[in-house]
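Working notes for the structure below.
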Amino acid sequence: MGQMVTSETIQNGDFWDNPWDVGGLIVIGLFISTFLFFIIFAIVFGYVEKTVCEEK
């Protein structure tokens, strides 16, 4: 059958030794962070705009 992933292969740092895996993880993290930032920005901007319009 195929190669089984054991705790030894996970713990010895093979993932962190491969720069393509680390780079992919960084890109995914940046994408998620940017998406969450835009959502928070839209919520805050919408709340501030609604508050300012109600004061007039």
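Taking region 21-56 as the range and being in a helix (DSSP H, G or I) and of a type in the set (Lys, Arg) as the test, only 50 passes. Taking first residues from region 7-21 that are polar (S, T, N, Q) and partners that are at pLDDT 80 or above and open to solvent by 90 Å² or more (accessible area, probe 1.4 Å), no Cβ contact under 6 Å between residues at least 6 apart in sequence or on separate chains turns up.
Scanning region 26-56 for residues being under 30 Å from residue 16 (Cα atoms) and not small (Gly, Ala, Ser) gives a total of 11.
Any residue at all in region 16-39 that is at pLDDT below 80 and surrounded by 10 or more Cβ atoms within 10 Å (Cβ to Cβ)?
Looking only at region 16-39, we keep the residues that are at pLDDT below 80, and these are 16.
Adding the requirement that they be surrounded by 10 or more Cβ atoms within 10 Å (Cβ to Cβ) leaves 16.
Yes, some residue in region 16-39 is at pLDDT below 80 and surrounded by 10 or more Cβ atoms within 10 Å (Cβ to Cβ).
Please go through region 40-51 and pick out each residue that is aliphatic (A, V, I, L, M) and open to solvent by 70 Å² or more (accessible area, probe 1.4 Å). Write out each step before concluding.
First, the residues of region 40-51 that are aliphatic (A, V, I, L, M): 40, 42-44, 48.
Hits for region 40-51 are 40, 43, 44, 48.
The values are calculated or read from the model by the stated rules, or taken from the named source; none is laboratory data. Note that this is a predicted model, so its numbers are computed, not measured. Every residue, glycine as well, gets a Cβ built from its backbone with ideal geometry; the counts of neighbours run over all protein chains shown. Each accessible area value is taken on the protein alone, full model and side chains, heavy atoms only, with ligands, DNA and RNA left out. Shrake-Rupley method; radii C 1.70, N 1.55, O 1.52, S 1.80 Å.
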